[in-house]
1. Tell me which label goes with the value of Rg/Rh (Cα atoms, Kirkwood Rh) computed from the coordinates here: (1) 1.04; (2) 1.15; (3) 1.22.
2. Sorted by mean Cβ packing within 10 Å, highest first, what order do the peptides 51-60, 3-12 take?
3. For the chain, with all protein chains present and a 1.4 Å probe, just round the carbon and sulfur fraction of the accessible area to a whole percent.
4. At 1.4 Å probe radius, can you tell me the per residue accessible area of the chain in Å²?
5. Using helices alone, I'd like the mean residue ellipticity at 222 nm for the chain: each DSSP H run of four-plus residues gives -39500 (n - 2.57), total over residue count, nearest 500.
6. What's the FRET efficiency of residue 58 with residue 38 using the Cβ-Cβ distance as r and R₀ = 22 Å, to the nearest 0.05?
7. Using only Cα atoms and rounding to the nearest 10 degrees, what angle (0 to 90) does helix 3-23 make with the longest principal axis of the chain?
8. Between residue 47 and residue 12, with labels modelled 7 Å along Cα→Cβ, what's the label distance in nm to one decimal, could you check?
Amino acid sequence: MTPTLLLVLAGAAALLPAGRHLMTPPCPRCRRKKYDRSVCRPLLLCRRCATRVDSMGRAHN
């Protein structure tokens with residue numbers, strides 16, 4: 001592989017974790033993006049205010 005291709009692939013791999021954070025909606029109650037994803041799937045549980053949020057950003061408490 002060429003060095004340019006390796007550099008592009010390394011840059012794309014560095015952006016993957018940031019992409020998940022950017023696609024996550026903020027909590028409608030406290031506006032944070034800190035979620036526990038494993039507690040109440042498919043909903044996200046906000047770590048700060050314990051609001052359950054769906055993938056569209058709507059609260060389900």
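1. Matching the structure shown: (3).
2. Highest-to-lowest ranking by the protection proxy: 51-60, 3-12.
3. 62
4. 79
5. Numbers: 1 runs with 21 residues, N = 61.
Computed ellipticity for the chain at 222 nm equals -12000 deg cm²/dmol.
6. That pair, residue 58 with residue 38, gives E of 0.65.
7. It works out to around 10 degrees.
8. Placing both labels 7 Å along Cα→Cβ, they lie 3.0 nm apart.
The values are calculated or read from the model by the stated rules, or taken from the named source; none is laboratory data. Here the structure is a predicted model, which is why all the values come from computation and not from measurement. Because the Cβ atoms are built from the backbone with ideal geometry, glycine has one as well, and the counts that use them run over all protein chains shown. Surface areas here come from the heavy atoms of the whole protein model, side chains and all, with no ligands, DNA or RNA. Shrake-Rupley method; radii C 1.70, N 1.55, O 1.52, S 1.80 Å.
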